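Quick notes on the structure that follows.
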Amino acid sequence: MEEADLKRWAALIIVAAIAVALTLGSVIVLVGATISISQMTNPAMRALATVAELLVGMLWLLGTIYIATHLAVLIFGKASAPRR
């Protein structure tokens, strides 16, 4: 194997670890928020918190997917030919 191939494999492992860590961290935080919301006694505050959790959770998980995809494209994408 060439040195470039080894660097690419190392980058693949690092990006995969980052993606898994971000996704698991997001899920753990969202589950904790869900548990906290389910223990609220005020129905209006619980409804507001549920809507906020859904919106923030979707954005957060989409962000982790974007970051993982962006890093993978940076590492494995082919450089395009320069435009004239």
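The values are calculated or read from the model by the stated rules, or taken from the named source; none is laboratory data. It should be emphasised that the depicted structure is a prediction, and the values quoted were computed from it without experimental measurement. Here Cβ is always computed from backbone atoms with ideal geometry, including for glycine, and neighbour counts include all displayed protein chains.
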* Asked: Does region 48-69 include one or more residues that are exposed (fewer than 12 other Cβ atoms within 10 Å of the Cβ), within 30 Å of W9 (Cβ to Cβ) and at pLDDT below 95?
  -> yes
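Just a yes or no: is a residue in region 22-37 in contact (Cβ under 8 Å) with a residue 60 or more places away in the chain and in a helix (DSSP H, G or I)?
Residues of region 22-37 that are in contact (Cβ under 8 Å) with a residue 60 or more places away in the chain, as a first pass: none.
Looking for residues that are in contact (Cβ under 8 Å) with a residue 60 or more places away in the chain and in a helix (DSSP H, G or I), one finds none in region 22-37, hence no.
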* When only residues in region 14-61 that are among the hydroxyl-bearing types (S, T, Y) and under 16 Å from the mean Cα position of the chain (by Cα) count, which is farthest from V73 (Cα to Cα)? -> S26
